[in-house]
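Below is one structure, written out as structure tokens; comments come after it.
The values are calculated or read from the model by the stated rules, or taken from the named source; none is laboratory data. It should be emphasised that the depicted structure is a prediction, and the values quoted were computed from it without experimental measurement. Using ideal geometry, Cβ is built from the backbone for each residue, glycine included, and neighbour counts are taken over all protein chains shown. Note: areas computed on protein heavy atoms with side chains; ligands, DNA, RNA excluded. Shrake-Rupley method; radii C 1.70, N 1.55, O 1.52, S 1.80 Å.
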Amino acid sequence: MDRRTTLKNEILAFVADLDPTVLINESDKASLKSMLDELTTLTPVPEPIRHPDQVEGVWESLFTSFGAKHSDDQPMKHTTTLAVQSFGNFPMVPVHVNEITQEILSETQAYNNVVFVQNEDRSANAIIVVEGNYSEDPEDPKRFQVSFSGVSLNGADGQSDAELREQFGLDPDEPLRKEFRPPALHSDIVYLDEDLRINYGKLGGFYLLRRLDREGYSIAYPAAA
């Protein structure tokens, strides 16, 4: 077994042993980052922006170190607010994050973050979609310049918009989709293969993602020929 495969298996086993509801300790975080750093040197796709078809798809976050001060001390499954998840566009309403995915489509250069959440008493489910697009950085073939410009809160239990607002403590006239001025962000895809991806973010975060074989929530992918 070659070093890349061995290291990849070690990383996946390491992450699988973590409790997603407990914040990783600094020693384990440093060990994981060291393994990820080594794996990036073995990437089969050193210029991801030139191969958007290989980046396209639905990706599940296996491990996320957010980088931003307001959320870097959080485990994968954590309590946060709608405001944090929406660049401040929704109110400071507590929510529990259960899953974070990313949906990318090369044809439209869509780059959406999809966050599966529950309300404070865990009686209702919703999906936050942060709508974004990526563009190429001509100086760095690993870098995706990302512009997030819209966010929506969507019911996941078949509830009406009115029910969703009530369940999540929103005012009856609160818009469930908002547009905003895109913050200047970028994310470097430093490792990419057929089913695993590593991103390093502008704010110092690092992200391990696994490709999912499922339909997108925010993007309708074309059927395979």
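Condition check ((1) surrounded by fewer than 18 Cβ atoms within 10 Å (Cβ to Cβ); (2) modelled with pLDDT of 95 or more) across all residues:
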| site | (1), (2) |
| --- | --- |
| Pro46 | yes, yes |
| Glu60 | yes, yes |
| Asp72 | yes, no |
| Met92 | yes, yes |
| Asn98 | yes, yes |
| Glu103 | no, yes |
| Asn112 | no, yes |
| Val115 | no, yes |
| Glu120 | yes, yes |
| Pair list, Cβ < 7 Å and 6+ apart or interchain, from the stretch 116-133 residues that are over 13 Å from Val151 (Cα atoms) to residues that are in a strand (DSSP E or B) and of a type in the set (D, E, K, R) | Phe116/Glu99
| query | Can you pull out the residues in the stretch 136-153 that are surrounded by 15 or more Cβ atoms within 10 Å (Cβ to Cβ) and either part of a loop (DSSP other than H, G, I, E, B) or touching a residue at least 40 places away in the same chain (Cβ under 8 Å) (or both)? | reply | Pro141, Lys142, Arg143, Phe144, Gln145, Val146, Phe148, Val151, Leu153
| said: Quick test of your reading of the structure: Asn133 fulfils all but one of (1) open to solvent by less than 20 Å² (accessible area, probe 1.4 Å); (2) under 24 Å from Pro46 (Cβ atoms). Name the failing condition by number. | reply: (1)
| said: Step by step: first the residues of the stretch 154-165, then only those that are in a loop (DSSP other than H, G, I, E, B) and either farther than 16 Å from His96 by Cβ or free of Cβ contacts under 8 Å to residues at least 12 places away in the same chain (or both), then the one that is most open to solvent (accessible area, probe 1.4 Å). Which residue is that? | reply: Gly158
| task | Please determine, by comparing only the residues of the stretch 31-44 that are closer than 15 Å to Leu208 by Cβ and without any contact (Cβ under 8 Å) to a residue 12 or more places away in the chain, which one is surrounded by the most Cβ atoms within 10 Å (Cβ to Cβ). | result | Asp37
| field | Complete set of residues in the stretch 48-58 that are at pLDDT 95 or above, touching a Ser or Thr at 6+ places or on another chain (Cβ under 8 Å) and open to solvent by 30 Å² or more (accessible area, probe 1.4 Å) | value | Glu56
| note | Listed by range, strands (runs of 3 or more DSSP E) wholly within the stretch 166-225 having at least 1 residues that are under 17 Å from Ser106 (Cα atoms) and open to solvent by less than 100 Å² (accessible area, probe 1.4 Å) are 185-192, 196-201, 206-212
| said: Six or more apart or on different chains, Cβ atoms under 7 Å: show the pairs whose first residue is in the stretch 206-224 and closer than 24 Å to Pro75 by Cβ and among the basic types (Lys, Arg) and whose second is modelled with pLDDT under 95 and open to solvent by less than 20 Å² (accessible area, probe 1.4 Å). | reply: none
| For the stretch 128-138, does any single residue satisfy the condition of being over 15 Å from Ala83 (Cα atoms) and among the hydrophobic types (A, V, I, L, M, F, W, C)? | no
